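K.L.:
Structure below; questions to follow.
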Amino acid sequence: MGVTAQGATFLYTGRLPGPAFVQVSFVGSVVGLSVQSPQAEVADMTGVGVGGVFRGTHDPVGHAVLVPTGSWTGGSVTVDYLKKPGGGDPQSLVRSYGSLSFASPSHNVTKTVVCESASEEARTGELVKGSITFRLTDFT
Amino acid sequence: MAVSAQGLTFTFAGSTLTVTSVQVSDSQDLLDATHLGIAPNGKREFVGGFATNREVQIDYISSTILTAGISGAMSVSGPFAISGTATCSAASIGGSVGDFVRGSATFRLA
Amino acid sequence: MLIAPEKHIYLKLISSPGVARLVGFQIYPIAVPSGATMPFVVYKRASINRESSLSGPMFMPSVGLQVASWGLTHSLARELADEVRLALDGATGTLSGVTIHDMRLTSEVDDFLDPTEVGAQLPPAYEVRQLYQIRWSEATS
């Protein structure tokens, strides 16, 4: 049986960088949310001695030696939305950083993020819609 | 209280046709504004988009040939009334053994 | 007095040389008067379909008219029915103020009547019963 995301609430509140406290928040009707989880940072420790060419090491041919560093890299949240009356220019959110939360009956995401990019489009016969991408800074 | 359709008259471009059926219909393209904030089992939300012009479809008994593409003043009167400038978007006419010459046409009001 | 569309049918039949040769003026509506001798023709309305528009009646009904040709022999009844068919099937036009727009023979059946079965002292008779579908204009006032 599948799970539904209907009934979700989405909130993002952030502040712009700089000494002055300027708060910004997202206004829109969310129609889609996708989370690209952070990737594990991996160091490639494969040595040139693979296959025993040099110094008779025991690393077999065709096997890489990958070592997780324990750190993370990447990770993003993309939000697709329909513009609401009163919703401002999404560019005003870009470069802000703050807290993003998405809560549905089946799924919860709460992350510290940076608003990396935003786009909006208006087309004849369609509602105004946009997309905002947040970069995860919270890897816990 | 129900109203009889008898007495409905149809006129287009100055000619009154003997109609046996008059159908007026409106439609509007709705935009789907459904979002994730709607609870499970909730209803979709729609907002109005472009309004499709009103259409009038008639069946008539007459040898008058209506031509698609022709515009003119149109009026329906009697038990209900509508009027305006209309363009014939489709028309057909035919005859069968033992029957009247019958036609049908569709108009779009501006 | 309103003119009945059947008057057109009657005039059409009595003015047909083939029909008149066999029956003269013995063309009767619904019932045959006593004393009439065969052969004769009897006609009656079997059905009617009146159509209306939204502005009222069309006054052009489609009528099913039954025309029965009677004779003492089958060959005579058959010959009379054929003459009636030649006079009516496909005929249109205006007679005595009555306009017929469309007239078609749509069915034909043979029948036989033996009055002695019910104790009558009359000879048996043969019938050819035809049904014509006719669209005609009727009086509007």
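K.L.:
Which value, in debye to the nearest 20, describes the size of the charge dipole of the protein assembly as shown about its Cα centre when Lys and Arg Cβ atoms bear +1, Asp and Glu Cβ atoms bear -1, and nothing else is charged? List each step's numbers first, then the result.
P.N.:
Numbers: 25 positive and 31 negative charges, 171 e Å.
Once rounded to the nearest 20, the dipole reads 820 debye.
K.L.:
Same structure, new question: Please work out the Cα center distance from the range A:60-122 to the range B:47-83, rounded to the nearest Å.
P.N.:
54 Å
K.L.:
To continue, here is another question. Taking the Cβ of each residue in C:Ser53, B:Ser15, B:Ser96 as the centre, tally the other Cβ atoms inside 10 Å and list the residues starting with the fewest. It would help to have the intermediate numbers written out before the result.
P.N.:
On the way: C:Ser53 21, B:Ser15 11, B:Ser96 8.
Placing the least packed residue first, the sequence is B:Ser96, B:Ser15, C:Ser53.
K.L.:
So for chain B, averaging the separation of alpha carbon pairs under 8 Å that are six or more residues apart and normalising by length, what relative contact order in percent results? Intermediate values should be presented prior to the final figure.
P.N.:
Working: 234 pairs, mean separation 31.1, N = 110.
Relative contact order comes out at 28 percent.
K.L.:
In straight Cα distance, which aspartates and glutamates are under 14 Å from A:Lys129, not counting same-chain residues fewer than 8 positions off?
P.N.:
Within the straight-line cut-off, A:Lys129 pairs with A:Asp80, A:Asp89, A:Glu120, A:Glu121, B:Asp32.
K.L.:
Using a 10 Å cut-off around each Cβ, can you sort A:His63, B:His35 from fewest to most neighbouring Cβ atoms? All intermediate terms of the calculation are to be shown ahead of the outcome.
P.N.:
Values: A:His63 10, B:His35 20.
Placing the least packed residue first, the sequence is A:His63, B:His35.
K.L.:
Which whole-number percent gives the relative contact order of chain C, counting Cα pairs below 8 Å spaced six or more residues apart?
P.N.:
On the way: 290 pairs, mean separation 37.1, N = 141.
The normalised contact order for chain C reaches 26 percent.
K.L.:
What nm value, rounded to one decimal, do you get for the distance between C:Val109 and B:Ser71 when each label is placed 7 Å out toward the C-beta?
P.N.:
6.0 nm
K.L.:
Ok, one more. Quick check: pseudo-label points 7 Å beyond the Cα along Cα→Cβ at C:Ile30 and A:Ser106, how many nm apart are they?
P.N.:
Label-label distance for C:Ile30 and A:Ser106, simple model: 7.9 nm.
K.L.:
Would you mind ranking C:Ile30, B:Ile82 so that the residue whose beta carbon has the fewest other beta carbons within 10 Å leads the list? Spell out each step's value before the answer.
P.N.:
Numbers: C:Ile30 10, B:Ile82 14.
Ranked by crowding around the Cβ, least crowded first: C:Ile30, B:Ile82.
K.L.:
Follow-up. To one decimal place, what orientation-averaged projected area in nm² is obtained for the convex hull of the Cα set of chain C? Don't jump to the answer; show the numbers that get you there.
P.N.:
Details: hull surface 38.2 nm².
The number I arrive at for chain C is 9.5 nm².
K.L.:
Also: Cut-off 10 angstrom, C-alpha nodes, Gaussian network model of chain C. Which of C:Arg21, C:Arg45, C:Arg129 fluctuates the most?
P.N.:
C:Arg21
K.L.:
Could you work out which residue, out of C:Glu117, C:Glu127, C:Glu108, moves most in a Gaussian network model of chain C, that is, has the largest mean-square fluctuation with Cα springs under 10 Å?
P.N.:
Of C:Glu117, C:Glu127, C:Glu108, the Gaussian network model singles out C:Glu117 as fluctuating most.
K.L.:
Starting from the Cα-Cα distance between C:Arg78 and C:Ala46, subtract it from 0.36 nm times their residue separation and give me the gain in nm to one decimal.
P.N.:
Working: separation 32, 0.36 × 32 = 11.52 nm, distance 2.11 nm.
Going from the current span to full extension adds 9.4 nm.
K.L.:
Also: Counting other Cβ atoms within 10 Å, keep those with at most 15, restrict to DSSP loop, and tell me which GluC sites (Glu not before Pro) in the range C:30-102 are left. Present the calculation step by step, with values, prior to reporting the outcome.
P.N.:
Numbers: sites: C:Glu51, C:Glu79, C:Glu83; in loops: C:Glu51.
Those that pass, being in a loop and sparsely packed, are C:Glu51.
K.L.:
Could you tell me the largest-minus-smallest coordinate of the C-alpha atoms of the range C:19-62 on each of the three principal axes, in descending order and whole angstroms?
P.N.:
49, 21, 11
K.L.:
B:Lys43 versus B:Ser25, label points 7 Å from Cα toward the beta carbon: distance in nm?
P.N.:
2.2 nm
K.L.:
What full-extension length gain, to one decimal in nm, is calculated for A:Val22 and A:Ser71 as 0.36 nm per residue of separation minus the Cα-Cα distance?
P.N.:
Result for the pair: 14.5 nm of gain on full extension.
K.L.:
Build a GNM of chain B with springs between Cα atoms under 10 Å: which of B:Leu31, B:Leu66, B:Leu17 gets the top mean-square fluctuation?
P.N.:
Its mean-square fluctuation being the largest, the pick is B:Leu31.
K.L.:
Then there is this: I'd like to know how chain A sits against the 2.2 N^0.38 Å rule of thumb: what's its Cα Rg over that expected value? Working shown, then result.
P.N.:
Numbers: Rg = 21.5 Å, N = 140, 2.2 N^0.38 = 14.4 Å.
Here the answer is 1.49, to two decimals.
K.L.:
Please compute the contact order of chain A in relative form: average sequence separation of alpha-carbon pairs under 8 Å and at least six residues apart, divided by the residue count, as a percent.
P.N.:
Here the relative contact order equals 28 percent.
K.L.:
Where Lys and Arg each count +1 and Asp and Glu each count -1, what net charge lies around C:Ala20 among other residues with Cβ under 12 Å from its Cβ?
P.N.:
+1
K.L.:
Calculate log10 I(q)/I(0) of the protein assembly as shown for q = 0.10 Å⁻¹, where I(q) comes from the Debye formula with a single equal point scatterer on each Cα and nothing for solvent.
P.N.:
Result of the Debye calculation: -0.89.
K.L.:
What 222 nm value per residue comes from the helices of the protein assembly as shown, counting each DSSP H run with n ≥ 4 as -39,500 (n - 2.57) and dividing by all residues, nearest 500 deg cm²/dmol? Numbers along the way, then the final one.
P.N.:
Values: 3 runs with 31 residues, N = 391.
Value at 222 nm, helices only, nearest 500: -2500 deg cm²/dmol.
K.L.:
Work out the charge dipole of chain A with +1 on the Cβ of Lys and Arg and -1 on the Cβ of Asp and Glu about the Cα centre, then indicate which of A:Gly2, A:Thr69, A:Leu33 is farthest towards its positive end.
P.N.:
A:Leu33
K.L.:
Right, next: Got a sec? Charge dipole of the protein assembly as shown, +1 on Cβ for Lys and Arg, -1 for Asp and Glu; which of B:Ser62, C:Leu113, C:Ala125 is way out at the positive end?
P.N.:
Going by the Cα projections, it comes out as B:Ser62.
K.L.:
Nearest-5 percent of antiparallel DSSP beta bridges in the range C:25-126?
P.N.:
Values: 17 of 20 bridges.
Taking every DSSP beta bridge within the range C:25-126, about 85 percent pair in antiparallel fashion.
K.L.:
For a quick check of your reading of the filter: which chymotrypsin sites (Phe, Trp or Tyr not before Pro) in the range C:1-100 sit in a DSSP loop and have no more than 10 other Cβ atoms within 10 Å? Mind dumping the intermediate values first?
P.N.:
Numbers: sites: C:Tyr10, C:Phe25, C:Phe40, C:Tyr43, C:Phe59, C:Trp70; in loops: C:Phe25, C:Phe59.
Those that pass, being in a loop and sparsely packed, are C:Phe25.
No value in this document is a laboratory result; all are computed from the given coordinates. If you're wondering where the values come from, they're calculated on a predicted model, not measured in any experiment. Positions of Cβ are backbone-derived with ideal geometry, glycine not excepted, and every protein chain shown enters the neighbour counts.
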